[in-house]
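Structure first, then comments.
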Amino acid sequence: MKTTSFAGRLLGTTSLVVLSAAAILGAQHPAAAQTTISNGIYGGGSTLSSLALRQLFDCYAGTTVAGDGQSFSPAFTIAPPSPNLLPTSCTQFSTPVEGMFAAVGAGNGQRAYIANDPHQLFRGSPDSAPALVRKPSAKPPFRDTANPNFKSYPYPRLDFATSDLPLASSVSSLTTISFSNFLPSTNWQNTLLIAALSKSTASFNTASVGAPIQVPAMEVPVAIAVNTSNSASGVTWTNQSALSPNTQAGGAIQLSTAQLCAIFSATVTDWHDTSTMIPYLDANGTQQFQHFYDDNTNGTLTPVAYTSGRLPIKVVYRADDAGTSYILTNYLANLCPLLDPTGTYNYKKIFTGVGIDGSTMANLPSSKFSRLLNNIKAVKASDNSDPYDVDDDQERPDPRWISASGSNHEALKIGTDPRFAGRIGYLSADFTQPYAQTATEEIAGTTISAAAPLSASIQNEALRIFGVYHPGQTDVTGTAQNFVAPTPDNVAQAFSGLAAPSLGGSYNAWNIYAQRYAVGTVLGGVDYSNLSVIGIPLVSTSDYALTGASYVNVYSCYADASGTRVPTLKNWLAWFYGGSVSALPAYNPATSNASNPGYDPNVAQLIRNNGFHELDPTWATNVLGVYLRTSTTGGTQGSIAAYNPSGAQTDGCQGVSGGAK
């Protein structure tokens, strides 16, 4: 059975290629009839959700698209996951709709969305023009060469964007830098270099596109990826907290909140460290101290250093604007300062930015990991990094912080190669084993592949409250507890602590990161007042603490001269969100639509197969009611609508002229 490579599932987000997109709707399956593709949905943004989105579009079409390389699984199961494979039931129904998605990163997706310009779907974060921006990868194809309607890039329009960080809280703050005057201006798929000669400030134009819409699409865990291979220089691991097999989700190592705060603040910089004392909180919320390696006891075993000799901790991070960086820094900004109430370790300054040079404004959480590095430098005068380490795939001598562009690039730079032993980073779960098997990158026409990295299990606050500071330790009920793995069920546990938004209100009501604990919320001796609910989930000992959401951003009003654009988009969204609501009638892709959404179990199966969890059914029901079913009361302007050039405007087009291009 043929399966596509790791990069093949990623839609081409390689390190030297910036405009990555793929012909998404395809799956090779036995004796299935070819569907005639007549309509397209064009999107771009987050690499985090791109693998799952590709498979969802494949299933929606139930057809083969040239060069896709996907295979259907004869016996699809959610556990264990089956990377690259789709349920055979996806072939039973089909629609004449092809989805195209440019996996360019969350920040770049937001730029394209705010500017309403598909030309902004390129990789990298240029600061000025003229600038070179990166082109699409060759593998997998970033357009469907077999379909005459979808042969070129950049896309003719933008129907939706995805991001794992929230939009700015006010419409007036929805601004971006828009690049223009590209050379060449068309057919980017056929050129080696693309230059952006001009830039300008662009703002979200409500008069043209209506009210902004952001709704969560999936509940996502960000996995801590760790290379626990014995090093090429002969240093071996004595890790006692690994699970068996270590290839399972969270199986590589178990790390406490105290250890993660120490690693990401450069407080501890070597896996062999046996001297540094780091702070943690006990079940009463009292600050205590332990050696860095003390968490490697599995509850009862004699503590030993993680490695037989010196092995630097090297953090691989996203250099581009990334939703995974936002989710990670949201976790660190909320939890780490609690461990250091006296400021001895400068955790508040490092993880929030507050207090640096007298600043009272936080600069974290952020999609820019560089802000954390700048905070470390400001506090410690150095982040111990090599200033020559840049994202050029040429490893510099002993860099402490290693940059990567895109999720697949980061996965490849962590991997399981003994040369990279000791590296740690953060990736959405679908870029780690068992949800992915290989990491692949194409550089200058050469394909580089390696095993996908393993992931860690991490401590959550409920375990701390129950007195579990080390993996395997017995809690107050007498039960031995390991830390929590990045799995679909565990991320759903964390997400369940959030309150679903009402049917009214603006787009910002859907911002999960804005939900805060009420003043006076105290548990286990710790005051969580005004801290992020999703940043510190407190539902159960099964909460996966590094949890966030991947958002879909759409417009309230679209230009739709053919009369097919809006129905096509809304019907796909209705099928997608209906897949979270099992109480709906059982409809397939061909019968589910915005007026009568139905439940297709394939949606949840595909999302979970990538290590994510489908959206909570209450949230999904509200999305259907506010934005997809035709109404005059939902949201701020009603459901998504098409602009009527010759008549009255309804729903999302009320007071709008033209609609999104």
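Every number in this text was worked out from the coordinates using simple rules, so none of it is lab data. All figures in this text were calculated on a predicted structure; none of them were measured in a lab. Virtual Cβ from ideal backbone geometry, glycine too; neighbours counted across all protein chains shown.
For the stretch 91-233, the fraction of C-alpha pairs farther apart than 21 angstrom is 53 percent. Using the Cβ of Leu158 as centre and a radius below 9 Å, the other residues enclosed give a net charge of 0, where K and R count +1 and D and E count -1. The string of couplings for the stretch 508-522 from the Karplus curve (6.51, -1.76, 1.60, θ = phi - 60°) is 5, 5, 8, 6, 5, 6, 7, 6, 10, 5, 5, 4, x, 7, 10 Hz, one whole number per residue in order, with x for Gly and Pro.
Rounded to the nearest 0.05, the FRET efficiency derived from the C-beta distance between Lys377 and Ser646 at R0 = 60 Å is 0.50. If both residues of a DSSP beta bridge must be in the chain, then about 65% of such bridges are antiparallel.
Residues whose amide H lies under 5 Å from that of Arg123, counting only those 5 or more places away or on a different chain, are Val18, Leu19, Ser20, Arg134; hydrogens are built 1.01 Å from N in the peptide plane. Each 5 Å bin from zero up to the one holding the largest Cα-Cα distance in the stretch 541-661 carries the following percent of pairs: 2, 12, 19, 21, 17, 13, 9, 5, 2, 1, 0, 0. When the Cα positions of Phe466, Cys59, Ala583 are compared along the charge dipole of the chain, Cys59 comes out farthest toward the positive end, with charges on each C-beta of Lys, Arg, Asp and Glu. Taking the Cα centre of the chain as origin and assigning +1 to Lys and Arg Cβ atoms and -1 to Asp and Glu Cβ atoms, the resulting dipole is close to 1000 debye.
Projecting the Cα atoms of Thr175, Ile512, Ala404 onto the charge dipole of the chain (Cβ charges, centred on the Cα centre) puts Thr175 farthest toward the positive pole.
Could you give the length gained on full extension between Asp357 and Ala561, defined as 0.36 nm per residue of separation minus the Cα-Cα distance, in nm?
On the way: separation 204, 0.36 × 204 = 73.44 nm, distance 5.46 nm.
Gain on stretching Asp357 to Ala561: 68.0 nm.
Lysine pair count for the stretch 221-458 (Cα-Cα distance under 20 Å; residues 8 or more apart in sequence or on different chains): 13. Per-residue Cβ neighbour counts within 10 Å put Trp510, Trp401 in the sequence Trp401, Trp510, beginning with the fewest. From the alpha carbon centroid of the stretch 522-593 to that of the stretch 407-429 is 29 Å.
For the chain, the Kirkwood estimate of the hydrodynamic radius, built from every pair of different alpha carbons, is 24.9 Å. Computed from the C-beta positions of Leu197 and Thr274 and an R0 of 56 Å, the FRET efficiency is 0.50 to the nearest 0.05. A simple spin-label model places pseudo-atoms 7 Å from Cα toward Cβ; at Ser233 and Ser180 they are separated by 5.3 nm.
Amide H contacts for Ala439 (H built 1.01 Å from N in the peptide plane; partners 5 or more residues away or on another chain; cut-off under 5 Å): Ala450, Ala451, Ala452.
For Lys314, the residues whose amide H sits under 5 Å from its own are Arg423, Ile424, ignoring neighbours fewer than 5 places away on the same chain, with H placed 1.01 Å from N. Neighbour counting of Cβ atoms within 10 Å sorts the residues Met277, Met218, Met100, Met361, fewest neighbours leading, into Met361, Met277, Met100, Met218. Can you give the relative contact order of the stretch 221-458 as a percent, counting alpha carbon pairs under 8 Å and 6+ residues apart? Once divided by the residue count of the stretch 221-458, the mean separation gives 31 percent. Using the Cβ-Cβ distance between Ala207 and Thr591 with R0 = 56 Å, the FRET efficiency computed as 1/(1 + (r/R0)^6) comes to roughly 0.95. Note on Asp489, Asp164, Asp295: ascending count of other Cβ atoms within 10 Å places them as Asp489, Asp295, Asp164, the fewest first. Our summary of shape: the Cα atoms of the stretch 221-458 have principal axis extents of 51, 42, 31 Å, ordered from largest down, in whole angstrom.
For Cα pairs less than 8 Å apart in space and 6+ apart in sequence, what is the mean separation divided by the residue count of the chain, i.e. the relative contact order in percent?
Relative CO of the chain lands at 18 percent.
Per the Kirkwood formula applied to alpha carbons, the stretch 141-214 shows a radius of gyration over Rh ratio, Rg over Rh, of 1.03.
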